[in-house]
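The values are calculated or read from the model by the stated rules, or taken from the named source; none is laboratory data. Since we're looking at a predicted model, the values are computed, not measured. Positions of Cβ are generated from backbone atoms using ideal geometry, with glycine treated the same way; all protein chains shown enter the neighbour counts.
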Amino acid sequence: MSKKIVFGKISANFAQNSSNVEATGSFGTFGPPAVNSIQNESLEDDTELKKMKDVMGITTFGRKAKTFDVQEMVHEVTKTAREMTKLSTETLLNSLSNNEDDDDDEDEEDDDDIIGPPIPKDFLPPPPDKQTKSNDLQDNLSSDDEEDQKDDLFMPLTHEASMKHGTKAITAMCVDPSGARLASGSVDYDVCFWDFAGMDSSMRSFRTLQPCDNHPIRGLHYSGTGDLLLVISGAGQAKVLDRDGFEQIETVKGDMYITDQARTKGHTAGLLAGGWNPTNRDEFLTTSSDGTARLWDIMKGGKEHKSIVKCRAQNGLKVSPTACSYHHDGRSFALGCADGSLQLWDLRKSTVAPALQLRKAHQPVEITSVGYSHIGSQLVTRSCDDTMKLWDLRNFKKSIHEVGDLYTRYDTTDAIFGPNDKVVVTATSAKKGEPFGHVLFYKSDGLTLLEDAKIESHVVKVLWHPKLNQVFAGNGTGIIKCYYDDKRSLRGATLCASKRQRKVQQAEIVSSQQVITPHALPLFRQERRKTSRKQMEKDRLDPVKSKRPDLPITSGQGGRVASSGGTLSSYVIRNLGLSKRVDDDQDPREAILKYAKEAEENPYWITPAYKKTQPVAILSSNAQEDEPSIKKPKVE
């Protein structure tokens, strides 16, 4: 028996025991105590505890420490787990027998309650067998599996809405991660911004701009936070805009006279594709016709690329990467090149050579789209060779599945995975003589066709937003088709499709009612209403209502100057020299001779000046006029 350890032990008869204490000359004994002493001490402890409880009036003194047996607990847990597994396996079998017993009990109870003769057995339905019940259970389980499979292959195609971008083909389209705004770009150089919460059923964009002048838009990509928009155009410089379309960053243009692209700070040719890093909001990727793919950092302001990747063909020459896509972990990206090759680059390793490469992934034509699955183990590619292929990154030597006869005319045609990676979506252009393009939905396991949505003209861009659960398709006539399900699609086009179109606010004019009072006083009499024509003619004569301009003047009056000028010479000529104006149709000789008599009688200008010095005329002009002129003789 182990000894109990007690700290701070108080004895009830402390005063009595203290008198019995005898002093000894030793400290005690060493070694284990005797058995009798241990028993005596334990009895004393128990009696003292009882006395203490009686004195203090307590039945229990403190709480006893709980003891746990770990082995017993593990044994109980394993026992309950086994019982649960047995119950889960035996429920289906026991339910059948229980149902039969319940039916028997119910029949007995019903027999007790029935009044009158029993129903003949020929009229009763046959009792269900155990086998039929098990078959019913299997059918129910199979129906549940089919419903789950339908949920996995769900496609929101019950309703559609249209948004008018312009008249040219839509070659770029994206939705921000929250699903609040849509941005679309076209060959007509315009970028339109659409806000689903602020639109009505007219589906009009709230802003349209040309961020890259006269360059077609090839790609639009929202960042992971949705506050920045990357614009990829035919120019050699990429631009980063904010949510409202204002420019934030423009990448630098490289020196086209330098052959080594690694020594230039930017692209030297037109851009082809781009994208944001899904894990780093400050990093984005651009590809160009100069045969390079460059990584940029926003913190550097686009003044210099962060790193560069050079794509090489099989013969060693440079090849243009026409499509790109980041892996969802942000550590690698895939490039589809113009020679039909597929190259995977790992950012954790050296960028001298690709981590994985497949030279003949497609025929030697442009790859229009490259996309990773959401899980990240598969890759889908779309090419101008009218094929779409599905790849497994764990076995990259050969494609898993392939679909052909997918005609396309644009080098930005999309191929994407659905939100749950069970469906693959791609677009096709309208063939010659056919009016419709197609949005095709394939099952990712085997690429079997599930649904075909027809759209007028060519279909270029396809987008399936996971949060909105809506599919957007841009065609060749500048129209964006939005497909959604009224029960399972959230926000997006469902917000504005049901809103009524806003009416244009017009100025309200309240016509005053006219009261005819023929016998009223002239002060209160109202004029009779005239026709609009007569009222317009009357207002035309009023210079105030018609706002007549100032009439031309012929003389200076009221501080105004005539059109002849405002100088002193013009004033002198107008007022002194031409005070008595001569009509233009009058003979000038007659106009001068009109003043001859007045000048002779009252000379003013010339005659008084030469009066004293002027010689006297001897011959009169009349005599000279009467005599004939002397003719000179003719000399032979």
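Details
- Here is the figure for the stretch 181-200: residues that are closer than 10 Å to ALA493 by Cα and of a type in the set (A, V, I, L, M) total 2.
- Qualifying strands (runs of 3 or more DSSP E) (wholly inside the stretch 404-488; at least 1 residues being hydroxyl-bearing (Ser, Thr, Tyr) and in contact (Cβ under 8 Å) with a residue 24 or more places away in the chain): 423-428, 436-443, 479-484
- Scanning the stretch 468-491 for residues that are under 28 Å from ILE367 (Cα atoms) and charged (D, E, K, R) yields one hit, LYS481.
- Residues that are outside any loop (DSSP other than H, G, I, E, B) and of a type in the set (S, T, N, Q), drawn from the stretch 249-281: GLN261
- The lone exception for HIS328 - which of (1) touching a Pro at 6+ places or on another chain (Cβ under 8 Å); (2) at pLDDT 95 or above it fails: (2)
- Considering residues of the stretch 573-605 that are β-branched (Val, Ile, Thr) and at pLDDT below 70 only, the residue surrounded by the most Cβ atoms within 10 Å (Cβ to Cβ): ILE573
- Scope the stretch 518-553; condition of a type in the set (S, T, N, Q), loosely packed, with under 10 Cβ neighbours inside 10 Å and at pLDDT 75 or above; matching residues: none
- Within the stretch 200-233, the set of residues being hydroxyl-bearing (Ser, Thr, Tyr) and in contact (Cβ under 8 Å) with a residue 24 or more places away in the chain comprises SER201, SER202, SER205, TYR222, SER223, THR225, SER233.
- The residues in the stretch 416-447 that are of a type in the set (S, T, N, Q) and farther than 15 Å from GLU402 by Cα can be counted, and the count is 3.
- Filtered residue count, the stretch 299-331, keeping only those that are aliphatic (A, V, I, L, M) and crowded, with 18+ Cβ neighbours inside 10 Å: 3
- So ILE232, is it more than 21 Å from SER325 (Cβ to Cβ), among the aliphatic types (A, V, I, L, M) and assigned to a strand (DSSP E or B): no
- The stretch 400-454: number of residues that are acidic (Asp, Glu), farther than 19 Å from ASP151 by Cβ and within 24 Å of the chain's Cα centre (by Cα): 2
- Filtering the stretch 201-228 to residues that are among the β-branched types (Val, Ile, Thr) and under 21 Å from VAL462 (Cβ atoms) leaves only ILE217.
- Identity of the residue in the stretch 179-209, part of a loop (DSSP other than H, G, I, E, B) and among the aliphatic types (A, V, I, L, M), that ends up nearest to the chain's Cα centre (by Cα): ALA180
- Once the stretch 210-241 is narrowed to residues that are among the polar types (S, T, N, Q) and surrounded by 19 or more Cβ atoms within 10 Å (Cβ to Cβ), the residue that is nearest to the chain's Cα centre (by Cα) is SER223.
- Filtered residues of the stretch 347-396 (kept if more than 17 Å from ALA273 (Cα to Cα), out of contact with any Gly (no Cβ under 7 Å at 6 or more places or on another chain) and of a type in the set (Ser, Thr, Tyr)): SER350, THR351, SER373, SER377
- Filter pass, ASP386 being surrounded by 13 or more Cβ atoms within 10 Å (Cβ to Cβ), at positive phi and either in contact (Cβ under 8 Å) with a residue 60 or more places away in the chain or not hydrophobic (A, V, I, L, M, F, W, C) (or both): yes
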